[in-house]
Each structure stands twice: as structure tokens, then as C-alpha cells.
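J.: Take a look at this one; I'll ask things after.
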Amino acid sequence: MKDSVRERAQAALQDDYLRNAVKFTTERLRSGKQSAAAELGHWEEWRERGRAIRLHTIAHLDYYLAQFADNARQQGAHVHFAFTKEEAVAITLEIARRNKARSVVKSKSMVSEELHMNEALAEAGIETVETDLGEYIIQLANEPPSHIIIPAIHKNKEQIAEVLSREAGKQLPAETSVLAQFARQKLRQKFLQADIGMTGCNFAIAESGSIVLFENEGNARMVSTLPRTQITLMGMERIIPTWADLEVMATLLPRSATGQKLTVYLSGITGPKRTEDSDGPEELHIIIIDNGRSLQLGDPDFQELLNCIRCGACLNVCPVYRQIGGHSYGSTYSGPIGAVLTPALVKNAAEWNDIAYASSLCGACYEACPVKIPLHDMLVYLRHRTVTKGRPDLQEKLGMKGFRYLMSDYRRLRKALRLGRVGQKLLSRNGVIKAKLGPLKGWHRYRHTQLAAEQAFRDNWPVLKQELNRSLAQADPRIEERLQAWVAKRERGNEYDA
Amino acid sequence: MTPDFRTSAPSKMESETETRQQAFLQNIANRLGRAVLQEKPLHPDKGAPRFWQEYRLDQQARIELFCDNWQKAGGIVHHFPHEREARQFLVQSVLDSGARKILRQDQPELAEWKLEESLREGQKLVCWQAMERTQALAEAAEAKIGIVVADYAVACTGSVVVASSAQKGRSVSLLPPTLFVIVPLDRLKTRLGEVLTVFENRARSFYPAGIHIISGPSRSADIENDLTIGVHGPGKVYALLFG
């Protein structure tokens, strides 16, 4: 993986398949969400309620976590707490050791990506199999997910057929139904043989100690039904107080993620199987994980990050994500949420500084967010922190100093502009500037700059002011004519002879 | 129902859990700038917005909406005026399928249907009951058809709700490639919330270990956005409403 978001994006932009796939998928998900929200109606009211429930829960997080842990234990579950990823991994390995586990089947869990759980299990000699179709594909290809909902968005059918053929030991055709059928058969054996099933957790219900999973394939149900031991990895903020609150989350999450009214499966799991039950896990472990989340608590700028329900709607509307895809962000979480969450989760935020700049600050992410997290504001706060902490970019510092010097005196600005009008002639080609020199390089790679007008607005102002004063009620025919001419010109577009 | 405790002898991990939990919660309280909360907080924004909590459809509208949603999700739905017609349809479907092994929940409603009497030779109906785990899973893995009676159904989302128990295996609605869900009309609700709050008010000892809300066939769009049906769970799902 390359080391800056700029370089990673550069690579992504060269990949035509990736760009088209990301565009197509995000558009499909985005329009699905829009029609689902419109069909439901009262969308703003639902969002507001979702936000209120999440705000309330996070503000009382200690109470609800304690309540959850008590209730889950009363149902027979083992509840563990882990401050760090190392602790979470150690607890998992200890459970695996006690159960003499040799294989783990997993349903989708972003937290486990955060913990690098698969690598840790592999090191301990335990086979780990991702069972969500997309996750299975990228696991076999040894790549990280590139979209929170559709992890293998970046791979085409031929590439997938190649990856699965390797696993099958024979050539599989690049047909979706054949590939999916192969995965079904292969993974069915894995489900039935695995010692441990590992799941993530979409929500945890404090009042009953239940964990809740949303999914479409049925693999999370398999993972929580067939193996004897179940381990659920839960980010500590996944909690909601009651089943009644789940109705709001179930209304917001699937619609925002894929435009579905509900995912095909919504499962509430409360404790291990009952003594008389013939299936379901005999042992259920829930590991509640901090891993940097508490850093956002009590921080007025970032606490709302914990309200996130991981739907991916912000990715699908982001003009930057839609161009560069998920891998460019270089971490578990991509898109606008990833740009904020990644630096927020680590104490050493400096190494992730650059992704806060991979945004146009347009606010589309906030508009799309089902719980109204002001991500665009947070991106500005992150940039602000970078600057106040002393960003080592000398060029930017000098630029800002120069800007301040110029703008703090109008005579100075006027002089500079006059100089500029003369100076630009050196760089002008066909009426525009395209020179890729010094600080102009980044901009002029894909764009050009219009020349400054012959006469500045400031210099023209006395004349314009007189014209304005003369008549406002009825426009001067000469002005009218000029305006018409302008409009006509604009309709032809801003062409220039390149 | 009593929970199943299979805790091994307490070890370092267990003894650490309690102290770690306290430190964990204390850290949260510290970050929030207060002491750890002991009192249950007031939760005025609990549940769906008021307009939605009051939303109810009449039975005909519920049926139509359920059927519409179920079909749009890729499921097959039939509404029969009487139970016997639903049974007849089910029997015919099972006969036509040629499935050799059929698995049903051990529900009294289903026992009354006496399905085994109508099957063809070579077809075997297995009833889910307290079985040894490995055997139960093997039966479910071999079955081509699963038959369950829904605990509830929800019109607005086009869902059926099945809760687990000794008589109702989770695997029955999951492993066989074809699933029949029988829905008596008096169990069909308007909103999801009506069903969820049933569990909210249920005493702890009566909690089912698994509550599964199913809204159509198993699906995935992970390969090039192509919709694939039946990727892990059942690909053919029938909802048979009667009443």
C-alpha cells in the first residue's frame, strides 16, 4: 500500500474498472436509499428520532453497557471488556484455546478488521473463513474491503472467477450463479465443521442483553446457529436501550445502506442456546471493545461520531469516494466516515492527517447520514487541529503569510494585482494559464486558470456605481444590451481555443 | 426455560473481567465528566415517532401490503381463505418437488396438518424435536424443504418472525434450500414495532435464544452487483397466509 492518500488515489484513478464499478454501485445504493426514504415518508422525523436515541445512549453509555452486561450474563452469555485491540485478540485466543478450536467461521464484522483478527487467528494456527460472499472473495484475494456494505466492489467477475477457481482447484466460468453456487457449497461445509462462529454486532439491546444482526445472505445466522461456540465482537457504542428503539434503527439502517425496507434477516440473539434446544451455540462470548472509541467521548467536536450506525450512506454520496474508491483511504473505514473515524480512533492522529483533506467539504455526507452526524464540520475541526498543532508544510505556511500580508492593505493588494496583470502575460497561452510551476502545479495538472481581466472590478467601480445610481427602475438600454450580449456569450459555454 | 451455563472453572480471564469492566465503565464516566451512573436515565425519545406508533392498517390492507412486499423481495406468497386450502397447497408443492427429506418444526399447529399421511413413498418427513445436536444438524443439512409456522408476520416490512425453542430449531428456516412459512392471519401485524415490543415486555426467563425476522429469500449482490438468490439461506421462500 502506498503511503499517502494522494498516491493511493492516483493509483485508483488509473483503474477504469474500479472507477466505473464504484460509480455504478454507489449510484445504485444512493438512488435505492432515496426512493426508500421517499416511500416511507417523514424521513426527517425518523432521522431526528434516530439521532435523539443515539445521542441519549452515548450520553449514558456507562449505564447502558452495565445493564447490557448484567442482562446478557443472566441469560448465560459471557461478557468481556477490552480496552485495546491487543486485549480483544488475547481474549479471543484464550476462548479458542479453551475450546481447542481449529477453525473459525466469520460473518461480516468491521470491528474484526480493525483488530486484524484474522491475522492473529492465523498466527495461532486457527483457520479463519469469512462467509459473507464479498468478504470471502476478498479474503481469498488477500485484500481489504473497499466498501462497508459491498466489500468486493472493486473486483470484476473475471477476477472473482480467477480467485475462486484457485480455491476450487478447477477453472470456474465467470458467471455469477456458478460462482455463488461454488461459494455456497464450499462455505456450507465450513459452517458445519467450524468450532467457533464469530460475528460482529449491529446493535446490542441493553434491556434484554440481546445482540442484533442485520444481513441479507444468511451467513450470520449460520455462524450463530451451527458452531458450538460463538464469539461476538462489539464496538462499545453499538448499544441501544430497548427493543422499541430497534424499530427506529431497523427503519433507518437498511434503507440507508441498500434501500431495502429491511434486510432479509434481522436476528436478535439472547444468550447461548437453551438447555433443551438442539441447535445454536452452547457457549456465547460477547467482547465489548473500546479501541480508541472513548477518545471521542466528552469531546464536543467528535462525540457524535459514536452515533454512527455503519450504513455507508455517506460513502455513496461522497464526490471524493465516488472517484477514488475505498482503498485510497488506506484504513478499515473509508469514505467521509473513515476520513474522520480513522484519525479519531488512534491516539497518533498525525499519521492520518492527509485523509481529512480528501474531501470537498460539500456536506453531502451530513445530508445522507440517517443519524445526522455533521461529518463535514468534523473534517474542518480535524484540519483545524492539524494547523493549530503546527503543520510542518512550509509552502502552505509561507503562502498563508503572504496572503495575510497582501490582504491586510488594499493599496498593497491593488499594486500586486496590477503587477500580476503584467506578469501573467509571461505565462499566458491562448488566453489561459496552464503552467505547471511551483505552487501552480497541483491545480494546473487537470485545470487551467483564467487570466485576470484587463480592468479589475475595483478599478471599474466608479463607473459602475454611476450607472447604478442613474437608473435602477428601468435599466439603461446600453446596460441592457451589454447584459444580453453577456448572456448570449455564456450560453455558448466557456470555450477557449486550446 | 433455563439458560445454559457451561462455565468452566473460573480462571484469570474471569477474574480479570470484573475489574476490567469496572475500569472500562469508570473510564467512560471520566470522559463524560461525571460519576458512573447508577440510576436508570429517563429516555423520553424511546421508540418510533408518535405518528408511527399509532399507525395501524385494517386486515385487508395488511394482507395486500404483506403480499406486495414479500413478492418484491423475491418470495412467493399465497393467501387462502381457509386452513385446509393452505394445507392442500403445501402438500401439493411438497409432492411436486420430489424432495426426499422434509423437515418441519415440532409445532402443534403443524402436527394437526398430518402432512406425513399425504406424502409419496420415498419422501420422509422429519420433525424437529429435542435431538442430539449433531444428528439434528445432519437432518437439517440433508432436508430439501423446511416447514415452519410463523410466530408473527409484519405487513410494512413484508416479514415473518420465527423464535427458537426446543420444538422450533433455528436450522429449519435456514438450511433447507426451500422454506414454507405458514402465517395464520391473526398473527399478521402492521408495524415491526408491534412485534419487537412483544419481546420488550417478555419476562427474562421466557426469552427465546434466537429471534429471526425473515423478509424473503437469501440474497447477495456482492459479485458485480448481480443479484444472486439463495446464497446461504433458502432461495425459495413461500409465505402461506390463511384465514
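The values are calculated or read from the model by the stated rules, or taken from the named source; none is laboratory data. The model shown is predicted, which means the values in this text are computed figures rather than measured ones. In this analysis, Cβ positions are derived from the backbone assuming ideal geometry, glycine residues included, and neighbour counts consider all displayed protein chains. Note: areas computed on protein heavy atoms with side chains; ligands, DNA, RNA excluded. Shrake-Rupley method; radii C 1.70, N 1.55, O 1.52, S 1.80 Å.
J.: In segment A:369-385, what residues are among the β-branched types (Val, Ile, Thr) and surrounded by fewer than 19 Cβ atoms within 10 Å (Cβ to Cβ)?
T.: Across segment A:369-385, the qualifying residue is only A:380.
J.: Say whether the condition of being open to solvent by 40 Å² or more (accessible area, probe 1.4 Å), of a type outside the set (A, V, I, L, M) and either modelled with pLDDT under 95 or touching a His at 6+ places or on another chain (Cβ under 6 Å) (or both) is met by at least one residue in segment A:58-69.
T.: Taking every residue of segment A:58-69 in turn, none turns out to be open to solvent by 40 Å² or more (accessible area, probe 1.4 Å), of a type outside the set (A, V, I, L, M) and either modelled with pLDDT under 95 or touching a His at 6+ places or on another chain (Cβ under 6 Å) (or both).
J.: Does residue A:275 meet the test of being touching a Ser or Thr at 6+ places or on another chain (Cβ under 9 Å), surrounded by fewer than 24 Cβ atoms within 10 Å (Cβ to Cβ), within 7 Å of another protein chain (Cβ to nearest Cβ) and of a type outside the set (A, V, I, L, M, F, W, C)?
T.: For residue A:275, the condition - touching a Ser or Thr at 6+ places or on another chain (Cβ under 9 Å), surrounded by fewer than 24 Cβ atoms within 10 Å (Cβ to Cβ), within 7 Å of another protein chain (Cβ to nearest Cβ) and of a type outside the set (A, V, I, L, M, F, W, C) - is met.
J.: What are the residues in segment B:122-142 that are touching a residue at least 12 places away in the same chain (Cβ under 8 Å) and either within 13 Å of chain A (Cβ to nearest Cβ) or touching a helix residue (DSSP H, G or I) at 6+ places or on another chain (Cβ under 6 Å) (or both), if any?
T.: Residues satisfying the conditions are B:125, B:126, B:127, B:128, B:129, B:130, B:136, B:137, B:139, B:140, B:141, B:142.
J.: Sticking with this structure for a sec: What residue, of A:164, A:115, is more than 21 Å from the chain's Cα centre (by Cα) and not aromatic (Phe, Trp, Tyr)?
T.: Being more than 21 Å from the chain's Cα centre (by Cα) and not aromatic (Phe, Trp, Tyr) holds for just one of A:164, A:115, which is A:164.
J.: Having 2 or more residues that are within 11 Å of chain B (Cβ to nearest Cβ) is the bar; report the helices (runs of 4 or more DSSP H) wholly within segment A:80-193 that clear it.
T.: Fully inside segment A:80-193 and qualifying: A:85-98, A:133-140, A:157-168, A:176-193.
J.: For residue A:248, work out the one condition from (1) touching a Lys or Arg at 6+ places or on another chain (Cβ under 7 Å); (2) open to solvent by 10 Å² or more (accessible area, probe 1.4 Å); (3) among the hydrophobic types (A, V, I, L, M, F, W, C) it doesn't fulfil.
T.: Of the numbered conditions (1) touching a Lys or Arg at 6+ places or on another chain (Cβ under 7 Å); (2) open to solvent by 10 Å² or more (accessible area, probe 1.4 Å); (3) among the hydrophobic types (A, V, I, L, M, F, W, C), the odd one out for residue A:248 is (2).
J.: Another one. Can you say whether residue B:119 is over 20 Å from residue B:174 (Cα atoms), away from every other protein chain (no Cβ under 14 Å), open to solvent by 30 Å² or more (accessible area, probe 1.4 Å) and over 21 Å from the mean Cα position of the chain (by Cα), as far as the supplied structure shows?
T.: Taking the combined requirement at face value, the residue satisfies it.
J.: Further, regarding this structure: If you go through segment B:191-219, how many residues are crowded, with 20+ Cβ neighbours inside 10 Å and either assigned to a helix (DSSP H, G or I) or more than 8 Å from chain A (Cβ to nearest Cβ) (or both)?
T.: So the count comes out to 5.
J.: Exactly one of these conditions fails for residue B:145: (1) closer than 30 Å to residue A:71 by Cα; (2) crowded, with 24+ Cβ neighbours inside 10 Å. Give me its number.
T.: (1)
J.: May I pose another question? For residue A:405, indicate whether it is open to solvent by less than 10 Å² (accessible area, probe 1.4 Å), out of contact with any His (no Cβ under 6 Å at 6 or more places or on another chain), modelled with pLDDT of 90 or more and not hydrophobic (A, V, I, L, M, F, W, C).
T.: It is false that residue A:405 is open to solvent by less than 10 Å² (accessible area, probe 1.4 Å), out of contact with any His (no Cβ under 6 Å at 6 or more places or on another chain), modelled with pLDDT of 90 or more and not hydrophobic (A, V, I, L, M, F, W, C).
J.: With respect to residue B:147, determine if the residue is more than 17 Å from residue A:266 (Cα to Cα), at pLDDT 95 or above and either at the interface with chain A (Cβ under 8 Å from one of its Cβ atoms) or touching a strand residue (DSSP E or B) at 6+ places or on another chain (Cβ under 7 Å) (or both).
T.: Judged against the criteria, residue B:147 is a match.
J.: Further question on the same structure: Which of the helices (runs of 4 or more DSSP H) contained wholly in segment B:45-103 include at least 1 residues that are of a type in the set (Ser, Thr, Tyr) and open to solvent by 30 Å² or more (accessible area, probe 1.4 Å)?
T.: By residue number, B:83-97.
J.: Give me a count of the residues in segment A:266-312 that are among the β-branched types (Val, Ile, Thr) and without any contact (Cβ under 8 Å) to a residue 40 or more places away in the chain.
T.: 1
J.: Could you check segment B:166-190 and list, in sequence order, the residues that are facing another protein chain (nearest Cβ under 7 Å) and either out of contact with any Pro (no Cβ under 8 Å at 6 or more places or on another chain) or farther than 24 Å from residue A:254 by Cα (or both)?
T.: Hits for segment B:166-190 are B:166, B:169, B:170, B:171.
J.: Can you spot a residue in segment A:294-305 that is acidic (Asp, Glu) and crowded, with 21+ Cβ neighbours inside 10 Å?
T.: yes
J.: What number goes with the only condition from (1) in contact with a helix residue (DSSP H, G or I) (Cβ under 8 Å, 6 or more places away or on another chain); (2) away from chain A (no Cβ under 14 Å) that residue B:98 does not pass?
T.: (1)
J.: Condition first: within 8 Å of another protein chain (Cβ to nearest Cβ), within 27 Å of residue B:209 (Cβ to Cβ) and outside any loop (DSSP other than H, G, I, E, B). Now tell me which residues in segment A:278-297 satisfy that.
T.: Selection gives A:283, A:288.
J.: Could you identify the single residue in A:372, A:347 that is modelled with pLDDT under 85, of a type in the set (D, E, K, R) and part of a loop (DSSP other than H, G, I, E, B)?
T.: Selected residue: A:347, the only one of A:372, A:347 that is modelled with pLDDT under 85, of a type in the set (D, E, K, R) and part of a loop (DSSP other than H, G, I, E, B).
J.: Moving on. Take the conditions under 30 Å from residue A:335 (Cβ atoms) and open to solvent by less than 50 Å² (accessible area, probe 1.4 Å) and apply them to residue A:152. Does it pass?
T.: Answer is yes for this residue.
J.: Could you list all residues from segment A:94-118 that are farther than 25 Å from residue A:311 by Cβ, in contact with a helix residue (DSSP H, G or I) (Cβ under 9 Å, 6 or more places away or on another chain) and open to solvent by 60 Å² or more (accessible area, probe 1.4 Å)?
T.: Correct list: A:98, A:102.
J.: Here's another thing I want to ask about it. What pairs come out if I take residues in segment A:403-424 that are over 17 Å from residue A:457 (Cα atoms) and pair them with residues that are open to solvent by 40 Å² or more (accessible area, probe 1.4 Å) whose C-beta lies under 9 Å away, six or more apart or interchain?
T.: A:405/A:412; A:406/A:412; A:424/A:449; A:424/A:451; A:424/A:452
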